[in-house]
Amino acid sequence: MINTIVVFLFFLGVLLVSFNIVSFLLVLGFAIGYVLFLLLVATNVQWNFFVNAFNNNRFISDKKIAITFDDGPVENTLRILEVLDKYQVKASFFCIGKNIEKNPDIFKKILEKGHFVGNHTYSHTRKMGFLSSSKILEEIRRCDDIAEKTGGVKLRTFRPPFGIINPKTKRALEISGHKVIGWNVRSYDAILSSKRYILKRILKKLQLGDVILLHDNNPASVEILEQLLLFLQDNDYSPVRVDNLFQIDAYY
């Protein structure tokens, strides 16, 4: 995406040399708007601009929702699993390959307890939006290999770090064949500190078929999860794995 922007701005500069100040400002405004648009669509997987992701399911008739966790497995994941056991709920975990390497027993425990696991790249690099297609594919495949070696599962689904999807990610996914799982209820538990406010964000417009994003590497998510499950229980919602919500295969 960055290469596209650079080329666009270069040709824009060439054109501007013959324009007057009014034309310059108009074209500059358009250019800025175009760049901002590209950034927005590339960082919002739920918009389905570059790929079609599974973000929610409005075609179900019962009150099912999916609770998903990113960035584990880590020690805090064990506390998440305890809460899920307490309420007899199944959830979905999008795991980072290097964390599976560090915590193989926790990864195995997620699977043993019947939860869903998906690919969240090997390193979860902050440079995700700048990687080439080949590097993105390497991140995906490396996570796949570790998950299969550790837990005996061939991952079929992928959640992009930070929700970043661009043409290079699209090309990598066309080769890997992974289905993309997004979300439509973002808790911002990785950013916000107030557990009460985070829970309020989740519950504010909760509907059947929603996919909730939480992080199992955040200690605050344990209490947030328990309060969320109490609300769902009291309001007759049924938390399910994402593969059950969308009726897709979890693994190959």
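The values are calculated or read from the model by the stated rules, or taken from the named source; none is laboratory data. Computed from a predicted structure; not experimentally measured. Only protein heavy atoms, including side chains, enter the accessible area calculation; ligands, DNA and RNA are left aside. Shrake-Rupley method; radii C 1.70, N 1.55, O 1.52, S 1.80 Å.
Pairwise Cα distances in region 81-224 exceed 26 Å in 27 percent of cases. Here region 108-159 and region 47-67 have alpha carbon centers that stand 21 Å from each other.
Close amide H contacts of Lys64 (hydrogens built in the peptide plane, cut-off under 5 Å, sequence separation of 5 or more or a different chain): Gly209, Ser238. Set against the 2.2 N^0.38 Å expectation for a compact globular protein, region 114-163 has a Cα radius of gyration ratio of 1.14.
Listed values for region 183-198 are Karplus-derived 3J(HN,Hα) couplings in whole Hz (6.51 cos²θ - 1.76 cosθ + 1.60, θ = phi - 60°), namely 6, 10, 10, 9, 7, 6, 5, 7, 10, 7, 9, 7, 5, 5, 5, 4, and x replaces Gly and Pro.
Couplings 3J(HN,Hα) for region 123-139, derived from phi with the Karplus relation 6.51 cos²θ - 1.76 cosθ + 1.60 (θ = phi - 60°), are 10, 6, 5, 6, 8, 3, x, 10, 6, 6, 4, 5, 5, 5, 4, 4, 4 Hz, where x marks Gly and Pro.
Entry note, region 134-252: relative contact order of 26 percent, from Cα contacts under 8 Å with a spacing of 6+ residues. Measuring between alpha carbons in the structure, the pairs from Lys113/Lys149; Lys64/Lys200; Lys64/Lys205; Lys113/Lys205; Lys64/Lys86; Lys98/Lys135 lying more than 21 angstrom apart are Lys113/Lys205.
In this structure Lys135 has an accessible area near 110 Å², from a 1.4 Å probe over the protein heavy atoms.
Under 5 Å between amide hydrogens, built in the peptide plane, is the criterion, and for Asn48 it picks out Ala53 among residues at least 5 positions away or on other chains. Karplus-based coupling profile of region 230-247, in residue order and whole Hz: 4, 4, 4, 4, 5, 10, 6, 8, 10, x, 9, 5, 5, 5, 6, 5, 9, 6, with θ = phi - 60° in 6.51 cos²θ - 1.76 cosθ + 1.60 and x standing for Gly or Pro.
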